[in-house]
Amino acid sequence: MKIMQVIPYFCFGGAEIMCENLTYALKNAGQEVVVVSLYAERTPIARRMEEAGIRIVYLDKKLGLDLSMVPKLVRVMRQERPDVVHTHLDVIKYATAAARLSRVKKCVHTVHSLADREAEGRIQKTINGAYFRRGWSVPVALTPEVQASVSDFYGLPLARIPVIYNGIDLSRCVPKTTYETGKIVTILHVGRFDVPKNHAGLLEAFRLLRETHPECRLRLVGDGDLRADMETLAKEKGIADAVEFCGMQSNVYPYLHDADIFTLPSIYEGNPMTIIEAMGTGLPIVASRVGGIPDMIHDGESGILVEPEPQSICAGFTRLVEDGALRQRLGETARRQSQTFSAEHMAQDYISCYCK
């Protein structure tokens, strides 16, 4: 089977990492995969994929609505002749139309967040809904909560919306061997600097934590439009000396292994890849009770679920900083449960979806 994955481009984000992991796993499962990036930018993730032997076709999309993408995708699809077109994010409006014109009968679209969050604007909702209701594309939800949101938002029966959890190559994780913290307790966050990731709330929670636990340090891996604002905010809160802005990293696993606590206090999420990476490492996790996170983390069993506001986040941190036995119990359970989110499992589920 030949599968064409279509994505805007490979910036540092959950959808992009998921697409990368799925591409590798599909290839390892004996499928032929070609990837199309609408933008011409060769990012670190794209270069990594090419070094791994993945062929990427780059187009020259302009910013904003660019209807020239449809005929350009038609040309690529007629040349490549895929059996399945798998879309991510907002490329669905171009790629599904191109697939119909190219007589590709099977289209799948991964909904990476709650449906109303992903389909920004009335036009995108109308286009997506028309594709889904006519059977031109099958929406795949990352979690049961995302599935319910797709059903409600587009008026589709749940039976038409399969659920396939994200997966990663768990062999890349470096499992923790000790839960002793030493003199410094390191809290790690991995994610783009964007409003949904709630960096401002995290910095205030960390400020509150430092009032009683000055030994704590916060490491922020990632980049984005709000990074400079958050660096300024850390200085204003008097915690800049304890907050490290690490920038974008092509390999986050050493950072995960060296951390004592992982946190993802987002305002909303789908099925975040960083949670899976933290689970595979065996880290104790403090995460928001939003989106698909409660389907991944069981409160008090494999992590601590909190509200995405500073006092609640700080309370979760405090419990883990003060209780080494709890850190170990939650981390070891998370490590065991991470097997549910392997890339191999994800790929087999998608292959089954493609074949139906």
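Legend: translational diffusion of the range 116-274 by Stokes-Einstein, Rh = Kirkwood radius over C-alpha pairs, 10 °C, 1.306 mPa s; D = 87 µm²/s. In the chain, Cα pairs under 8 Å separated by at least six residues give a relative contact order of 16 percent. Give the angle, between 0 and 90 degrees and rounded to the nearest 10, that separates the Cα long axis of helix 144-154 from the longest principal axis of the Cα atoms of the chain. Helix 144-154 sits roughly 50 degrees off the main axis of the chain.
Which trypsin sites (Lys or Arg not before Pro) in the range 29-85 sit in a loop by DSSP (not H, G, I, E or B) and have at most 16 other Cβ atoms within 10 Å of their own Cβ? Write down the numbers at each step before the final one.
Values: sites: Arg42, Arg47, Arg48, Arg55, Lys61, Lys62, Lys72, Arg75, Arg78; in loops: Arg42, Lys61, Lys62.
Taking the range 29-85 and a limit of 16 other Cβ atoms within 10 Å, the loop trypsin sites (Lys or Arg not before Pro) found are Arg42, Lys62.
Phi angles of the range 78-88 translate, via the Karplus equation with coefficients 6.51, -1.76, 1.60 and θ = phi - 60°, into HN-Hα couplings of 5, 6, 7, 6, x, 7, 9, 10, 10, 9, 9 Hz per residue; Gly and Pro are given as x. The fraction of all Cα pairs in the range 204-356 landing in successive 5 Å bins from 0 to the largest distance is 2, 9, 17, 20, 22, 15, 8, 4, 2, 1, 1, 0, given as whole percents.
What fraction of the DSSP beta bridges in the chain is antiparallel, stated in percent and rounded to the nearest 5? Can you show the working numbers first?
Values: 0 of 44 bridges.
Restricted to the chain, the bridges split so that about 0 percent are antiparallel.
Loop-resident trypsin sites (Lys or Arg not before Pro) (DSSP state other than H, G, I, E or B) in the range 136-218 with no more than 14 further Cβ atoms inside 10 Å of their Cβ: Lys183.
Given a 1.4 angstrom probe, I'd like the percentage of the accessible area of the chain that is carbon and sulfur, rounded to a whole number. Intermediate values should be presented prior to the final figure.
On the way: 7390 of 14860 Å².
Here it works out to 50 percent.
Estimated translational diffusion coefficient (Stokes-Einstein, Kirkwood radius over Cα pairs, 25 °C, 0.890 mPa s) of the range 26-154: 158 µm² per second.
Restricting the calculation to Cα atoms, the range 81-140 shows an Rg/Rh of 0.94 when the hydrodynamic-style radius is the Kirkwood one. For each pair in Lys2/Lys105; Lys72/Lys356; Lys2/Lys356, compute the distance between the two Cα atoms and list the pairs where it is over 18 Å. Going by Cα-Cα distance, Lys72/Lys356 fall outside the 18 Å limit. For the chain, set up a GNM with springs between Cα atoms under 10 Å and report which of Glu16, Glu269, Glu211 has the largest fluctuation. Per the Cα network of the chain with a 10 Å cutoff, Glu211 tops the list.
Take every Cα pair under 8 Å whose residues are at least 6 apart in sequence, average their separation, divide by the length of the range 270-340, and the relative contact order is 41 percent. The residues of the chain have, on average, 42 Å² of accessible surface per residue, using a 1.4 Å probe with all protein chains present. Scoring 229-238, 113-122 by mean Cβ neighbours within 10 Å over their residues and listing the highest first yields 113-122, 229-238. Taken over the alpha carbons of the range 182-244 as equal point scatterers, the Debye sum produces base-10 log I(q)/I(0) values at 0.16, 0.22, 0.23, 0.26 Å⁻¹ of -0.46, -0.86, -0.94, -1.18. Are there GluC sites (Glu not before Pro) in the range 33-108 that DSSP puts in a loop and that have at most 15 other Cβ atoms within 10 Å, and which ones? Answer by residue number: Glu41. Under the criterion of Cα pairs below 8 Å and six or more residues apart, the relative contact order for the range 1-126 equals 27 percent.
The values are calculated or read from the model by the stated rules, or taken from the named source; none is laboratory data. Keep in mind that what you see is a predicted model, and the values were worked out from it rather than measured. Cβ: placed from backbone, ideal geometry, glycine included. Neighbour counts: every protein chain shown. Surface accessibility is based on the protein's heavy atoms, side chains included, excluding ligands, DNA and RNA. Shrake-Rupley method; radii C 1.70, N 1.55, O 1.52, S 1.80 Å.
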